[in-house]
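For reference, the structure discussed in these notes is given below.
The values are calculated or read from the model by the stated rules, or taken from the named source; none is laboratory data. Nothing here was measured: the structure is a model prediction, and the numbers come from that model. Using ideal geometry, Cβ is built from the backbone for each residue, glycine included, and neighbour counts are taken over all protein chains shown. Just so you know, the surface numbers come from the protein's heavy atoms only, side chains and all, with ligands and any DNA or RNA stripped out. Shrake-Rupley method; radii C 1.70, N 1.55, O 1.52, S 1.80 Å.
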Amino acid sequence: MASKLIWGILLGVIVGAAFGYVGGNTPIGIAICIAAGAIAAGIWHSLSTRNAE
């Protein structure tokens, strides 16, 4: 789970910086995409553990 969360946050920072730069508000874009990355990592983890059972 930890590695998925780290990857989700890192990708969220990259995507958030890109969206924030285009939209003109980089800190808000980064914060939103970090949260989305963490949520996606949680969903990814729950789906992978469900399929393993």
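Out of everything in the stretch 39-53 that is small (Gly, Ala, Ser) and surrounded by fewer than 16 Cβ atoms within 10 Å (Cβ to Cβ), what residue ends up being farthest from Phe19 (Cα to Cα)?
Looking at residues that are small (Gly, Ala, Ser) and surrounded by fewer than 16 Cβ atoms within 10 Å (Cβ to Cβ), I get Ala52.
Report whether or not Ile30 is surrounded by 14 or more Cβ atoms within 10 Å (Cβ to Cβ), in contact with a helix residue (DSSP H, G or I) (Cβ under 8 Å, 6 or more places away or on another chain) and free of Cβ contacts under 8 Å to residues at least 24 places away in the same chain.
Details: surrounded by 14 or more Cβ atoms within 10 Å (Cβ to Cβ): yes; in contact with a helix residue (DSSP H, G or I) (Cβ under 8 Å, 6 or more places away or on another chain): yes; free of Cβ contacts under 8 Å to residues at least 24 places away in the same chain: yes.
Here the answer is yes, as Ile30 does meet what is asked.
State whether one or more residues within the stretch 20-40 are touching a Lys or Arg at 6+ places or on another chain (Cβ under 9 Å) and either on the phi < 0 side of the Ramachandran plot or in a loop (DSSP other than H, G, I, E, B) (or both).
yes
Filter the stretch 7-27 down to the residues that are over 11 Å from the mean Cα position of the chain (by Cα) and open to solvent by 100 Å² or more (accessible area, probe 1.4 Å) and list them by number.
Phe19, Tyr21, Val22
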